[in-house]
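Structure, as structure tokens:
The values are calculated or read from the model by the stated rules, or taken from the named source; none is laboratory data. Remember, it's a predicted structure, so these values are computed and weren't measured experimentally. With ideal geometry, Cβ positions are generated from the backbone for all residues, glycine too; neighbour counts draw on all protein chains shown.
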Amino acid sequence: MKYLQEVWGSRELLFNLTSREVRGKYKRTVFGQLWSLANPLALMLVYTLVFGLLFRIKPLPGDPSGLDVFALWLLCGLLPWTFFASVASAGAGSLVENSNLIQKVSFSRVVLPLSTVGSSAYNWGFEMIVLIIAISIAGGFVLPWIPLVMVAMVLLAVFAAGVGLILAISNVYFRDTQYLLSIVLQFWMYLTPIIYPISLVESASKKTGGLAGTQVTVLDIYTLNPMEHFVTLFRELIYDNRFPSGVEWLVCVCWALAALGVGLIIFRRNERNLAEAL
Amino acid sequence: MSDVAVKVDHVTKSFRMYHERNQSLKSAIMRGRTSVHEDFLALRNVTFDVPVGSTFGLIGSNGSGKSTLLKCLANIYYPNEGSISHFGRIAAMLEVGSGFHAELSGRENIFLNGSILGMSKKDVTRKFDEIVDFSGVEQFIDQPVKNYSSGMYVRLGFAIAINVDPDILVVDEVLAVGDQDFQDKCFQKFVDFKEQGKTVILVSHSMQTVQTMCDHVAWLNHGELNAVGAAEPTIKAYIDSLHTGE
């Protein structure tokens, strides 16, 4: 509890470090903040061409929204994912990159990984606004769902923060973490129903049946992935315009709190040793 | 002089010297250990008190543990044994301009650096003019700091750090920044500090600086406290030991 108070006490520093990231990033570029949209748009274009047009992946139309646009359906899962991936990789590097600061000034170290959540969330918020406008133009009735979308965004940010804290510490002791992470994130992305609908996994799982004579199916293992639940949450809210089941919400809340709790405990244990370990 | 500002109580600090340091996962898994090391004692059972309102110097040759002690005082390292307690707000100046972002303007960096050093936004706003005035970079305050000369850069950094306004100030050899004019200004600032009854702890290799500024001195030698006391006799003993070659 005392630790949380200390973190809360550094909120001003957290805000300043976040705005350092945000303002410093696109300085001296002509398009400025618009660049943060370039990456998701490029990904959207590639995946829509390859998976939507070539492989003809056909997700079910939004229920009850009636939307049937692959690119928008894709973005509802892709934007939360790119946010999560950027927090994980920026968070992993946050302590090592600021080693000079850690060795010279005493301050609450936890603000360093948390500020990467802040600056990524800033870009993500920008992207989500564009997505919501695009879906509204396409005919989705997403406006009343915005408060719940924001709740879901906070949940994912909490989950990402926890993961970022763990990775930041692990990267101090094992510099391999950041390289390993980029590979893990690639696998992880394809293990999450972002560019294909989960119905494909469901039907494949039904065909295979229980694994090795047990009741456990492929789908059961597949849904252990927390990002699967977060993506489902966002897709049902934004694309389908319906209320996700209480179980989905509960799973996401549990993952978020567990990740943050473990992250804070690990971070706190190692915080004092950082100046020496770096 | 009876009040104590900082109490250094039987402080021991050791570092691990790595014979082979494996920071990769592979070696950790393959050999079941991350490193082979032996402990190196940087500070051994150091005890002294810093009186309130004094200017306290830490002297000693290279590798005597001055900087380690300073970092312990600044809450960057934590002693393995013993404790350091301070009474009042402590601020450390081990480096100037920490956390400056080169692309941001001087103005933005003042707010950023100020908050890293523990000032609230209100504090910085209140002291803003004083900081800018002291650094002497008014003309360039809205320019990105990467365009600053190195002198302007450290002057701005120093001006922010000195305005944190702590009860106890811990200073590494940062006095050697800027031109003569600026150094005089810094010197004056330390004198003002002292007059306000605040404590300054200073590490320097320049005996002249220590002699003119400090009233108390601790002399460290290979991690152990050799002598502590009034400035003049301690400095003299230290210089004598250098001449006789120990």
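Residues in segment B:37-85 that are more than 24 Å from B:Ala159 (Cα to Cα), within 14 Å of chain A (Cβ to nearest Cβ) and in contact with a helix residue (DSSP H, G or I) (Cβ under 8 Å, 6 or more places away or on another chain): B:Ala42, B:Leu43, B:Tyr77, B:Tyr78, B:Pro79, B:Ile84. Annotation note: of A:Ile166, A:Ile133, A:Ile137, A:Ile129, the sole residue that is under 22 Å from A:Leu34 (Cα atoms) and either outside any helix (DSSP H, G or I) or under 18 Å from the mean Cα position of the chain (by Cα) (or both) is A:Ile129. What single numbered condition from (1) surrounded by 12 or more Cβ atoms within 10 Å (Cβ to Cβ); (2) away from chain B (no Cβ under 14 Å); (3) modelled with pLDDT under 90 fails to hold for A:Cys76? Single failed check for A:Cys76: (3).
Of the residues contained in segment B:100-120, one or more are found to be buried (at least 20 other Cβ atoms within 10 Å of the Cβ), more than 9 Å from chain A (Cβ to nearest Cβ) and of a type in the set (Phe, Trp, Tyr). Based on what the data block shows, is B:Arg126 on the phi < 0 side of the Ramachandran plot and crowded, with 18+ Cβ neighbours inside 10 Å? Spelling it out, it is not the case that B:Arg126 is on the phi < 0 side of the Ramachandran plot and crowded, with 18+ Cβ neighbours inside 10 Å. Counting only helices (runs of 4 or more DSSP H) that sit wholly inside segment A:177-278, those with at least 3 residues that are among the aromatic types (Phe, Trp, Tyr) are A:246-271. Listed by position, the helices (runs of 4 or more DSSP H) enclosed by segment B:145-246 that each have at least 2 residues that are out of contact with any Pro (no Cβ under 6 Å at 6 or more places or on another chain), of a type outside the set (A, V, I, L, M) and in contact (Cβ under 8 Å) with a residue 60 or more places away in the chain are B:150-162, B:180-195, B:231-243. Residues in segment A:242-278 that are away from chain B (no Cβ under 14 Å) and touching a helix residue (DSSP H, G or I) at 6+ places or on another chain (Cβ under 6 Å): A:Arg242, A:Pro244, A:Glu248, A:Val251, A:Cys252, A:Trp255, A:Ala256, A:Ala259, A:Leu260, A:Gly263, A:Ile266, A:Phe267. Taken over segment B:121-144, the criterion of being among the β-branched types (Val, Ile, Thr), assigned to a helix (DSSP H, G or I) and more than 14 Å from chain A (Cβ to nearest Cβ) is satisfied by B:Ile131, B:Val132. Can you run down the residue pairs with Cβ atoms below 6 Å, 6 or more apart or on separate chains, where the first is in segment B:51-80 and surrounded by fewer than 19 Cβ atoms within 10 Å (Cβ to Cβ) and the partner is assigned to a strand (DSSP E or B)? What qualifies is B:Val52/B:Ala5; B:Val52/B:Thr199; B:Asn80/B:Thr12; B:Asn80/B:Lys13; B:Asn80/B:Ser14.
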